[in-house]
Structure formats: structure tokens, C-alpha cells
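Q: Below you'll find the structure I mean.
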Amino acid sequence: MSAVVEPSEAVITQVAAVRLRGVRRTFAAELAPVRALRGVDLDIADGEFLAVMGPSGCGKSTLLNIIAGLDMVDDGTVEVAGQRIDGRDEGWLARFRRHHVGIVFQFFNLLDGVSALDNIVLPGVLGGMRRKAAESRARELLDLLGLGDRAQQVPAVLSGGQRQRLAIARALVNSPTLLLADEPTGALDSDGGIEVLELFRRLHDTGQTIVMVTHSQDVAAGADRQVVLRDGQVESDSAGP
Amino acid sequence: MNFVTAWLRLELPRRWRSVAVLTLLIAVASATVMAALAGARRGASALERLQDRTKPATSAVFTNTANYDWNRIRALPEVEALTTFVIDYAYTFEGYPDNTGGFPLADAEMLTSIETPVVFTGRMFDATRDDEVVVTRRFMANYHKHLGDTVVLNLPTPSELAEQSGSGPDGAFTGPHLRMRIVGVIGTPWLSDEPGATGFIQMSPGVVAKHAENTIGPANSKNLWNFVSALVRLRGGEADLPQFRRDVVRVSEGRTDIEVWNLPGEWRSAQREVTFEARCLLAFGAAAFVAALFLVGQAVARYAAASTTELRTMRALGVTPGQAIAAAATGPAIAGVVGTLLGVASAYLVSQFFPFGTADLIEPAPGLSADWLVFAPGLVLVSLLVCAGAVAAAWFSLAAARRNRPARRSTAASVIARWGLPVPVIVGTRFALEPGRGRTAVPVRPALIGAVTGVLGILAAFTFSHGVSDVVSHPERFGQTHQLEAFIGANSQDFLPADKLLSIAAANSDVIGIDDARQAVATGPGGSVSVYSYTGGAKAISVVLLSGRMPSSASEVALAPRTLAAQHVRVGDQVKLSGDKASLVYTVTGSGLVPEGPRNGYADGAWIGAAGYDAIFKGHKFHAILVSLRPGANTDATIAALAKATDRAVPEAAGFTFSPPDPPIEVAEIRTVRALPIVLGGFLALLAVGAVGHVLATAVRRRSHDVAVLRALGMTQWQCRWIVLTQASVLAVIGLLFGVPLGVALGRTLWRVVADSTPLQYVAPTAAWTLLAVVPAALLIANVLAAVPGRRAARLQISHILRTE
């Protein structure tokens, strides 16, 4: 695989949004290596809403990071939006993420000193939009997610649910192929959790592919398909054979 | 306290390296500040301490005539002690420059009842012997001499003395050759080294006693040069000077041309110089203190804040805020006390290198010195400051954890965001200008102030230094607008035809100005005034005027600035001057610098037109021709051309040459402080590097979350580097925007102060090369500083950071 091949911005249709084959990932640790993923095979179809479940340390977040290109596999292949991303360099992966991956974190990971609007505009500009177009898209998303009147406020003054909606808006600004969510309701109260889940459902209804990591059975129930990991391997897959 | 002790037992083994570095930082910073302060105090008091130990003379009296009976002065009631010496330039010490010897002493009073010396090593000479000398410290250091080494004095024969030139090979004197032993190293206010000089030898009065014909000249000879003069110590000090001046005139048959110097006034000039040096050192100490506050303060705050982070967990287990703060502050406090003790010891060790410059030349007790008036308060103050800083840092850190205040946002950063610049530029600008909040807070103001201060310091230092370089290479700033001079007469007798020499000089195409400078001493209400006659006309030499204009009529005078002050008059006032012929009331038309002469500095004296001069003087003390050359003229070639023309037109003046004047002593004095502003500027630049480097490193560490988020959103590693490079560049640009104009203004203001107090002609200094270099240099340094943090930003483990968050 040549490193000079630039990530394609086009969404390659008629293929799985995500295809993992024999993915292994081991972390060095003080006492003994931690084998986070031990040969995971997984296909996620375009437009699918998948929940990844499992106990702490089973490899859920590692799986998500590998799909996002935030972490590297030790072995196996990873294909996202029709493009192999394993073995790519950091720069290629960064450019790939701009167009194909939107990420929502448990603890929001918003830029603290920046307004809600700019939190969305920045990745838009990073993704190649002109500032005005990015602002226009950001306002559209803020309105869509019920934060239109909070555009100039900083994240610190927003509630947990509002922050997570803002994080989702940010993830959607470049219309990604794939929306990844790592425990998106984990830091929210039940109302906030329901709010976010509702939003995901609405997005899914518009055809957005979503991969969501969660502990909660109730949250996972909102997805079309549930995959359970245990000890770095897929233990069950509700869409499996 | 039990908890604090227990905490320290855990913490010190883990963080001993941090404590050691902190201790070292405090030691270096406190040593620098205390050494500078102690050095400044020592330098400023050097002259006073020397005077306390040496019974300094109050006045130097020059009658400039042979065979004057000094007993008449000695008998005056206000005279406590009097000693005589010979104004003698006609001798050499073999192998040393012509001016290495001090004036020969004519009696043993000097060094016993007046100007009693500080003997640094060895002993005083035996006043009856002609084979012993004492020397100054500078002489020993420059010529690597030791006690017991010998020097050879070559005296002139009586005829050589009358001619003031030797008849031996290469003009060597052929009189007695005396091998003399160095028996001691001494200093007094009168016999002290001058800035830029290489030290001197003071021969015993035994030389004059045993070789009077070779030093004063044969008895009753018509001696034009080697006059006996005197140093006088008055009982009432400077207050007795007016009465003394009147009495000198009275006992000298009404002569008003006897020069009576006000030595305390001269020492005040020297004191101004050492005070200036001390203030420079004080400024250095102050800058070092500010730098230390920034650098050590940041280190202390970092240490305390890091401890507080760990102690927050302990607070959940029942540790009180007071205990947490005490525990966090104790490590830095220990470092503060130990570091300051080390600092005091270091300051004591480096005290042997102080004072410097002019003060070093007059320091009566060189070597190690413990200034407890600086060290004791310094010990307490620095320790308290470190403790207070650590407590405050811990308190703020704990309080910040409780607060949830929104971060301050920068308008500039918001505006830049709207310009549609690349995201790394926007984020980098934000990092540079917005402090953030909570755990991600980074103090941006110290970095901004540091950047501005660094650029300002460098610009001010180099602008000031350019002023120094300018005066060092332009004697005209001190009023010495002539490039050649020639002495052609003394005591109203010309030994060369002035008219012919003036015509020859005027005919040379490289000569653009000539002054037929006759010099005599007048007495005004404020004491003696060295008066120079001014030849106006088409080829008049230029005069540096500080205010007003040159005299244009016989009743007008321009006074040099110190004379203006001494006579208590201003431009436009009238002043009565008395010469040896008459008295006349002159109108002061201006304040200007005068040529340096045998009895006056460039800021002491007066210019009077030829007619005004002739109105009050019968003749002259000295007669010189001053010549100024066109810019770019070859001085040596002009000297040769003038000598050739003289040889041809004035055969009796064969061998006569013009020569360049010696630079004013103030040039060497100013040169001594030249390095200080550079050191000060360097220190401030170091402060800037420290502050900017610290904020860049801290920003990447504390804002790694933001960087990781941006990476997750698609920012590349290079773009992350660009964030830090932009942050550094923004700091540099702000430093340049404010620092350049402020630095130039500060440098010029300081130079103006020096120009006014020296005094000298103020020409606005412009450090052109520094101005050209500072922009790329600041950006380069900032970006070099950003390289490592930028690399770290690019290599963040984003998945780990985002998961931790």
C-alpha cells in the first residue's frame, strides 16, 4: 500500500462502511502486555446503526479508535468507506478523518475557550470549507440540534446534554461517512441520554452510519444491531449468523 | 505539622531533582541580584571611603611661574596642609609610555600629612631616597610587576629640560639614569588610576631633592615649563575655598591668573561617574530580580501546583486546605532557604570582582567583601518571597479547582479567526493570547510581557550602546571638533611664529577650520575660568553649542556647562571676569564645549572673541593652534603636508608637526559602562526566552487535550507543529510591535540622561543593524523555542489523552 495515495473524499457506495479482518492490538504495560483486540472480524453496512457493548477493558474503545484511525493495528486489515486505513501514516489518517469520520466522545472533548459556533466552524474549515460556508453549516447544525441560541456561548456554560449535542454537531459538520460515538450518554443524566439517543435515531433515519460504544443495554437497544466484545473478541453479534 | 512532615518524607525522595533544580535556580538568581546590589553600593561609596582614609586635598594651585614662594600660601590661616610637586613631563621610565610617571613630588608632605595613601601591598617609599617608587594597582596588573621589581628613570640634562626634548638617540634624555625599586602599591584620590590608563609610577621626593636641576631646572633659570605647583588641604574644606581664592590673590601681589582648583568639585564629577556606574549595576540587579521573579516564580508555582494536584486526592481523605497548602509550599520553602544561603555565599565569592569601571580604580579595599546590609535582608526577603510564592501558587491552584469561571477570550484571536486563516494559525493565535481556564490554564501575560521586555531590553541596550560607540569614535561629541593641534607658546611667549603657521594651515585644502587659541585663566564670581580666544571668520572651527550662540562682540562670552553652573549664571545673564590686565562684564550668549587643555576639561572654560580676550588679558598661559579637517581627510597625510610646508616656509620651525589631540578621559569612562547595557539587554532577552519557552512548553502540556481533539477532527501532525510555531510567532510579533518602539525610546532616553549629565553633545542613537536583525532574530528564536514543544504536540498519544479526559 503506497503512502502517497491520498484519501478519497468521495464516498464509495455499495460497499461496507467498515470492514475489519483479523484485527489485533496489544498495548505494552508494566506487568504484562494487554491484548486489547485479539483478531476481530467485523463488517458494518452503509447506513447501519451499530452498538458495541461489553465489560470494561474488553476492547470497545480500542476498536472505535482503530476505526477512527486514532490508533494503529498490530495485525489485520481495516477498511473504512471503501479505503484501507491500516498502515497509513498519521497525516493520511488525519486527512481521511476530516471527510469520513465524525467522533463523539463520552466527555465531549470540546474546545474550552472557544464559542459553540467556532467549535463547529474550526473542523469545517479544517475539512476544506471556506469560513463563511463553515459558519453557515455550523448555524444550520446548531439549529437542527436545538442550540441555535447558544452559538456564541462557550461550552463551559452549557449543560451536559447541550455539550454532547454540540459535540455531535461538530462531528457532523463535514458530513462524515461514519459517525463514531464512544459512550455518548455516559456523562449525561437520563434525560440527556434520551435526548442524545433520539438525535442518533433521527440521524440514522437520514441514512447516517453510526457506530456507538456503550455499557448500557438500554442505550444499545436504540441501535439496529448490537455487537458484544469480550476479552478482545466478538462474543456475539445480533446480526450475525 | 505531622501531615506536612509525613508528606515531605514521601515527596522529597520522589521529587528531589525538582527541589535541587529549584534550589540551584534560587541560588543563581539571588547571588546575581545580591552581588549586583552589593557591588553597586560598594562602587557608589568607593570615593567617599577612599577620602575618609586619605586626607584628600581641597585644592590644587597652579601659579605657572618659577620660583613662587609657597610659604606665603602655607601660612594662610585656612590652610591645614600643603605639599608641592613639579609639573614635569620631561622624563621617561624606560620601556613605558611617556605618561606613566606621576608628577615628581617636591617635598615629603604629600603622602604624610595630605593625600596620605592607602597602601594595598608593600610599604611607602623612603622620602629621602631616589631609588624607590610606589605604583598603582593598574600598573602592577598591566605590566605584570611584583614588589621588588625595578624600573629605570631617565632624567633630562638641564639643557634638555629647557628644550623639553632629549638629545640622545630617538630623542632619549641623557641625564641621570636611576634604577628604582617598586616598594609598594598605593592609591589616593589625587594619585589614582584614570579610566583607560595603564597605571602609573610615583617616584619618591628624594628624586627632586637629589636631582633638582634635572626636574625643576637650574636655580634662577628662565623656566617656561617645569613649575612647582601645590596641593592644599583647607581646614574648612570646600567652604573655605572662596576665602582661600581671595587670600591667594592677596598674597600673590594681586595676581588673578593663578589657578585654584576646586578638588571637591572635581571629585563630584568622579562621584557622578561612579554613581552612574552604580546605577547601571543597580538597574542590572533590578532587571535580574524581575527576571528571577518570572523564572523562579514560574518554577515555584509549577512545583506547588503539581503538589496540589496530588494533594487534592488527600483532601478527599480529610486534609484541610491549610495542611494542603503547607504541604505544597514546604518543598519550595526549603529550596528557598537553602538556595538563598548558597546565593549569599556565591555573592560573597564574586564580590572580589566588584566594583568595576571607575569605582574599581578608586576602591580603597579591593577583594572579598561581605555587605551584610544587602546579604542579611536579601537572605530573609528571598526566602520569604519563595515561601509566599509557593503558598500563593498552592492557594490559587486549590481555588482554581473549586472555581468554574469561563475563560477570558481574546478579541484579537476572535478577529483573526474571522479572517479565514488556516486553522493552525487560528488555534496558535488563541493559544498565544488566551489563558484558558482550570487545568488547561496557561499564563499568557507573563510570556507576552517577557517577549516585549526581551525585545525592549535588547533594543534599548543596543541603542544605548550605539550612543556609546558614537561618542567613542567621535571626539566632537565632547566638543573636540579639531582633529589636529599644536602648542606654540606658553606664559605669553610664542616659541614659533603663530601668524606663519596659521597661514600655512589655512592654505591646506584639507583644513576647513582653524582657531588661534590663546588660553588664559580669568577669575569669575564662582572661581577660576580657563578662557579660550575664538577666531571667527570663514575658516572658524565649529563649536558644539548646547544652547545659545557663540560670542560675536568683545563683551560677549560663551561658557562651558560646568563653568556656567560654577559661576551660577545662565545664558543671557552677565558675568564679570577678571584677567591679568583688566576686568570686564560679559554677556553670556551661549553654553558650549571647549577644547581640553592642560588645566581644563572640555566642559570647564569659556570662549571669548579675540577682541574680548585682549580686553582682559595681557598675554596667554598657553598658545595653541587648533585645526579641523574636512570629513574623509587623511589625518596622517595632512600632518605630513603641513610639516613639509612648515619646513619650507618657516626654517626655524624645522621638525614642528601638528598632532591629533588625546581623546577626553570621559571617553574611557563611558567605555567602562559600555558592556553593562549589553549584559542587561542579554539578561532581559534571557527572561524573554525563559518566559516564551516556558509558556510554549506549558501550553502544549496543558492544552494537549485541545490538540488531541483537533487531531481527532483531522488535523495533521504538521498542522499541530504549526499551532505551536504560530503561537511562538505571535508572541514574537507582539514583542516586536511593542518592544521595538519602546526599546528605541528607552535607549535614547537613557542616552539623553547620560549626555546631559556627562555632558556631551546628544545625537539620537540608532542601532540600525540591531533594528534590522531584531525582527528575523526574534522570529527565529521564538520558532526555535517552539521546535521541541511543536514536536511534542505532533506526537501526542491522542487516543490515550481523549480516553483519559
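The values are calculated or read from the model by the stated rules, or taken from the named source; none is laboratory data. None of the values given here were measured: they were computed from a predicted structure. Every residue, glycine as well, gets a Cβ built from its backbone with ideal geometry; the counts of neighbours run over all protein chains shown.
Q: Does B:D614 qualify as being assigned to a helix (DSSP H, G or I), in the same structural domain as B:V575 (by TED's automatic domain parsing) and not aromatic (F, W, Y)?
A: yes
Q: Got a sec? Which of B:A490, B:A522, B:A506 is under 28 Å from B:Y586 (Cα atoms), surrounded by fewer than 24 Cβ atoms within 10 Å (Cβ to Cβ), outside the structural domain of B:A767 (by TED's automatic domain parsing) and more than 32 Å from the chain's Cα centre (by Cα)?
A: After ruling out the rest, the residue left standing is B:A490.
Q: Okay, moving on. Considering only strands (runs of 3 or more DSSP E) fully contained in the range A:33-152, which possess at least 2 residues that are without any contact (Cβ under 8 Å) to a residue 40 or more places away in the chain?
A: In the range A:33-152, A:34-44 are the strands (runs of 3 or more DSSP E) which contain 2 or more residues that are without any contact (Cβ under 8 Å) to a residue 40 or more places away in the chain.
Q: Continuing with this model, one more query. Anything in the range A:122-167 that is in contact with a strand residue (DSSP E or B) (Cβ under 8 Å, 6 or more places away or on another chain) and within 13 Å of chain B (Cβ to nearest Cβ)? List them, or say none.
A: The answer is A:A167, and nothing else.
Q: Looking only at residues that are in contact with a strand residue (DSSP E or B) (Cβ under 9 Å, 6 or more places away or on another chain) and hydrophobic (A, V, I, L, M, F, W, C) in the range B:342-365, which one is nearest to B:R671 (Cα to Cα)?
A: B:L361
Q: Would a scan of the range B:780-793 turn up a residue that is in contact with a Pro (Cβ under 6 Å, 6 or more places away or on another chain), crowded, with 18+ Cβ neighbours inside 10 Å and touching a residue at least 40 places away in the same chain (Cβ under 8 Å)?
A: no
Q: Identify, by number, the condition in (1) within 29 Å of the chain's Cα centre (by Cα); (2) crowded, with 22+ Cβ neighbours inside 10 Å; (3) at pLDDT 90 or above that B:A767 doesn't meet.
A: (3)
Q: Exactly one condition in (1) modelled with pLDDT of 80 or more; (2) in a helix (DSSP H, G or I); (3) of a type outside the set (G, A, S) is not met by B:N64; state its number.
A: (2)
Q: Something else now. Taking B:T635 as the residue in question, decide whether it is surrounded by fewer than 20 Cβ atoms within 10 Å (Cβ to Cβ) and either closer than 29 Å to B:A60 by Cα or among the β-branched types (V, I, T) (or both). Step through it out loud before you land on a result.
A: Values: surrounded by fewer than 20 Cβ atoms within 10 Å (Cβ to Cβ): yes; either closer than 29 Å to B:A60 by Cα or among the β-branched types (V, I, T) (or both): yes.
When the stated conditions are applied, B:T635 passes them.
Q: Tally time: how many residues in the range B:133-160 are crowded, with 21+ Cβ neighbours inside 10 Å, in contact with a strand residue (DSSP E or B) (Cβ under 9 Å, 6 or more places away or on another chain) and not in a loop (DSSP other than H, G, I, E, B)?
A: 6
Q: So in the range B:651-709, with the set limited to residues that are of a type in the set (S, T, N, Q) and more than 19 Å from the chain's Cα centre (by Cα), which one is farthest from the other protein chains (Cβ to nearest Cβ)? Step through it out loud before you land on a result.
A: So the first thing to find is which residues in the range B:651-709 are of a type in the set (S, T, N, Q), and the list is B:657, B:659, B:672, B:698, B:704.
Checking which are more than 19 Å from the chain's Cα centre (by Cα) leaves us with B:657, B:659, B:698, B:704.
Working: B:T657: 77, B:S659: 72, B:T698: 15, B:S704: 12 Å.
Per the criteria, the residue is B:T657.
Residue by residue, here is whether (1) part of a helix (DSSP H, G or I); (2) at pLDDT 85 or above; (3) crowded, with 16+ Cβ neighbours inside 10 Å holds:
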residue	(1), (2), (3)
B:F375	yes, yes, yes
B:A393	yes, yes, yes
B:R408	no, no, no
B:G420	no, no, no
B:G428	yes, yes, yes
B:R439	yes, no, no
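Q: When you check B:E266 against the structure, is it modelled with pLDDT under 80, surrounded by fewer than 22 Cβ atoms within 10 Å (Cβ to Cβ) and either hydrophobic (A, V, I, L, M, F, W, C) or assigned to a helix (DSSP H, G or I) (or both), yes or no?
A: no
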